[in-house]
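S.K.: Sending over a structure as C-alpha cells; questions will come in a sec.
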Amino acid sequence: MGVAKLKIPAEGEKIVWRDGELRAPDNPIIPFIEGDGTGADITPVMKRVVDAAVETLYAGRRHLHWMKLPVGEAALKEFGSSLPEEALQAIRDYRVAIKGPLTTPVGEGHRSLNVAIRQALDLYACVRPVKWIRGLPSPVLRPEDLDIVIFRENTEDIYLGVEYAAESDAARRFIDLVHETQGVQLAPESAIGIKPMSRHATERISEAAIRHAIAMKRPSITIVHKGNIQKYTEGAFRNWAYDYFTRVYRDLVVKETEIIAERRPTEGKIVIKDRIADSMFQQLLLRPAEYSVILTTNLNGDYLSDAGAAQIGGLGMAPGGNVGDGVGVFEATHGSAPKYAGQDKVNPGSLLLSACMMLDYMGWTEAATAIREAIGETIKQRRVTYDLERLMPGSTLVSCSGFGQAIIENLRKA
Ligand code: NAD
C-alpha cells in the first residue's frame, strides 16, 4: 500500500477552462481509467482508434498524451484505495477524462466508484445519446426513428446512497419520524433509503438540456418523471423544470399544453412536454420519432438509457458522458462484463463512441465525425464483435481488437 503516484506524461499541456469555455491545446494530456474486467480489453482499443483518427485528421498538428489513472480493482491492490484522491484531483486538474467500466459489488462492499466519481467532481449531467447506426441489429421495426439524447440528473435521487440498514438504530428513528409526521406505520424491520431532489440540481440539468437543444436545433424537450406518485420529489422535478424553461427561455420555448389548448403553432420553438416514466418506456418503443431531448431524474435516466440502447444495437454501442462545469468524464454505458474479461471479445463500440463525445467536447469535432463514419462503414461491411454477429446473419465475427483495427482501416480509406 502507498500513495498513488501519477505518471504524468513528459509532454503535453492541460486543457483549461476560461470565461466559461473549455480550451484544448493541440497537445492535451488526457487522463484515462482503464476499468475493471473487460476494461482492459476495450480501453487500449479505444486509445488506438482515437490516436489513429487524430493522426489521420490533423497530420501531426495535434496529438493526445494519455495519462493512466490508478482507479478500480488494481488500484485497491496496489494503493489500498480503489479511488485514490490523486486520481480525482488529476481529473479536476486536466478537466477531460475517459473511463472504462468499474465493478461495484451488490448489496455489500464499497459504494459504486462510478457514482463516487460523478459526485466528487460534481458531474451533474449524464448525457447519453441514443441513435441507431445503419446495419445494427434491432428488435424494433424502425430503429432509425429513435434519435434522442438523454440528460439524466447525476447527483441526487437515490444515487446519493443515503440508506439505513434494516433494524439499525437510524432506520428505527426514521420509522418513528414517519409515524409521527405522516401517521404511517412502516414495518418495524424496514430498511430505509432517502431520495433527495432540489430545485438547484433540477435547474442546472435543465439548463444543460436546453443549451444542447438550442445548439443542435432539436425540436423538443420531454421531462420524464414519476410525479404522479412521488409528488414532492419527481413531481417537483417536473414543475421546477417547466418553471425554469418558461422563466429563463420564454421566447424560445412553447409548452405542449399551450399548443393543444390554444392551438398555438410551434413557430420553430422548442416544445416542452412531460411524460410519466412508465409511459415513456412505451412511447420510446411505439412513437420514438416524437421525442428528441429527454430530461430526467437519476434512476429514470439509468433505466431509460439501457432500454434505449437495446433498440439501437445493445449496450456495446451506447455511449455516455458525465459533464459538470468545465469538467467531463466520458464512459461506456455498460459495466465491466467480468465473465468476458481478458478474452479480446467484447464490443469496444460504446467506449469508442464515448471517446467521440469527448472529442466533440474538446472541440475536435472532425476527429469525432471521422471515427463515427468509420464505425458506420465497419458495420456496413458487417465486420462485428460477437454481440452483434449473433444477431446479424452473414456477418464476419471479429475480436475486440479486430473491430478496432477494421475501424482504423476505414478511417484511413476515408
Ligand atoms: P454489464 O454491462 O457489465 O454486462 C451485462 C452483459 O451485457 C454482459 O454479460 C454482456 O453480455 C453484455 N455486455 C456488456 N458490455 C458489453 C460489451 N462491451 N460488448 C458486448 N457485450 C457487452 O452489467 P453487469 O453484469 O450487471 O455488471 C458488471 C459490473 O459492472 C457490476 O459490478 C456493475 O456494478 C458494474 N457496472 C459498471 C458501470 C460503469 O462502470 N459505468 C455500469 C454498469 C455496471
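S.K.: For residue 232, indicate whether it is at pLDDT 95 or above and more than 17 Å from residue 204 (Cα to Cα).
M.R.: yes
S.K.: Quick one: in the stretch 349-390, of everything that is among the polar types (S, T, N, Q) and touching a residue at least 24 places away in the same chain (Cβ under 8 Å), which residue is farthest from the ligand (Cβ to nearest atom)?
M.R.: Going through the qualifying residues, I end up with 381.
S.K.: I need the full set of residues from the stretch 358-411 which are among the hydroxyl-bearing types (Ser, Thr, Tyr) and part of a helix (DSSP H, G or I), in order please.
M.R.: 361, 365, 369, 378, 386, 401
S.K.: Moving on to the next point. Being among the small types (Gly, Ala, Ser) and over 17 Å from residue 134 (Cβ atoms) is the filter here, so list the residues in the stretch 371-403 that pass it.
M.R.: 399, 401, 402
S.K.: Also, I was wondering about something else. When only residues in the stretch 221-231 that are closer than 26 Å to residue 250 by Cβ and out of contact with any Asp or Glu (no Cβ under 8 Å at 6 or more places or on another chain) count, which is surrounded by the fewest Cβ atoms within 10 Å (Cβ to Cβ)?
M.R.: Among residues in the stretch 221-231 that are closer than 26 Å to residue 250 by Cβ and out of contact with any Asp or Glu (no Cβ under 8 Å at 6 or more places or on another chain), the one surrounded by the fewest Cβ atoms within 10 Å (Cβ to Cβ) is 231.
S.K.: (1) away from the ligand (no atom under 11 Å from the Cβ); (2) buried (at least 19 other Cβ atoms within 10 Å of the Cβ); (3) at pLDDT 95 or above; (4) not charged (D, E, K, R): which one isn't true of residue 346, the others all being true?
M.R.: Tallying (1) away from the ligand (no atom under 11 Å from the Cβ); (2) buried (at least 19 other Cβ atoms within 10 Å of the Cβ); (3) at pLDDT 95 or above; (4) not charged (D, E, K, R), residue 346 fails exactly one: (1).
So that you can scan it fast, the table gives a plain yes or no per residue for (1) in contact with a helix residue (DSSP H, G or I) (Cβ under 8 Å, 6 or more places away or on another chain); (2) not polar (S, T, N, Q):
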position: 185; (1), (2): yes, no
position: 191; (1), (2): yes, yes
position: 208; (1), (2): no, yes
position: 211; (1), (2): no, yes
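S.K.: OK, next. Pairs needed: first member in the stretch 304-319, on the phi > 0 side of the Ramachandran plot; second member anywhere, in a helix (DSSP H, G or I) and within 14 Å of the ligand (Cβ to nearest atom); C-beta distance under 7 Å; at least 6 residues apart or different chains.
M.R.: 313/388; 314/387
S.K.: Tell me, yes or no, whether the stretch 160-168 has at least one residue that is within 12 Å of the ligand (Cβ to nearest atom), at pLDDT below 95 and among the charged types (D, E, K, R).
M.R.: no
S.K.: For the stretch 312-343, which positions are modelled with pLDDT under 95, of a type in the set (A, V, I, L, M, F, W, C) and out of contact with any Leu (no Cβ under 9 Å at 6 or more places or on another chain)?
M.R.: Result: 315, single match.
S.K.: Identify all residues within the stretch 311-343 that are out of contact with any Gly (no Cβ under 7 Å at 6 or more places or on another chain), in a helix (DSSP H, G or I) and near the ligand (Cβ under 10 Å from one of its atoms); write none if there are none.
M.R.: Correct list: 315, 339, 340.
S.K.: Report, by residue number, each residue of the stretch 237-282 that is small (Gly, Ala, Ser) and closer than 17 Å to residue 151 by Cα.
M.R.: 241, 277
S.K.: If we only count helices (runs of 4 or more DSSP H) wholly inside the stretch 27-101, which ones have 2 or more residues that are within 16 Å of the ligand (Cβ to nearest atom) and surrounded by fewer than 22 Cβ atoms within 10 Å (Cβ to Cβ)?
M.R.: 39-58, 73-79
S.K.: How about the stretch 152-170: which of its residues are surrounded by fewer than 19 Cβ atoms within 10 Å (Cβ to Cβ) and either at negative phi or touching a residue at least 24 places away in the same chain (Cβ under 8 Å) (or both)?
M.R.: Within the stretch 152-170, 158, 160, 161, 162, 163, 164, 165, 166, 168, 169, 170 qualify.
S.K.: If residue 301 passes every condition in (1) modelled with pLDDT of 95 or more; (2) under 24 Å from residue 47 (Cα atoms); (3) within 14 Å of the ligand (Cβ to nearest atom); (4) not basic (Lys, Arg) but one, which one does it miss?
M.R.: Tallying (1) modelled with pLDDT of 95 or more; (2) under 24 Å from residue 47 (Cα atoms); (3) within 14 Å of the ligand (Cβ to nearest atom); (4) not basic (Lys, Arg), residue 301 fails exactly one: (2).
The values are calculated or read from the model by the stated rules, or taken from the named source; none is laboratory data. Not measured: the values here are computed from a predicted model. Every residue, glycine among them, receives a Cβ derived from its backbone with ideal geometry; neighbour counts consider all protein chains shown.
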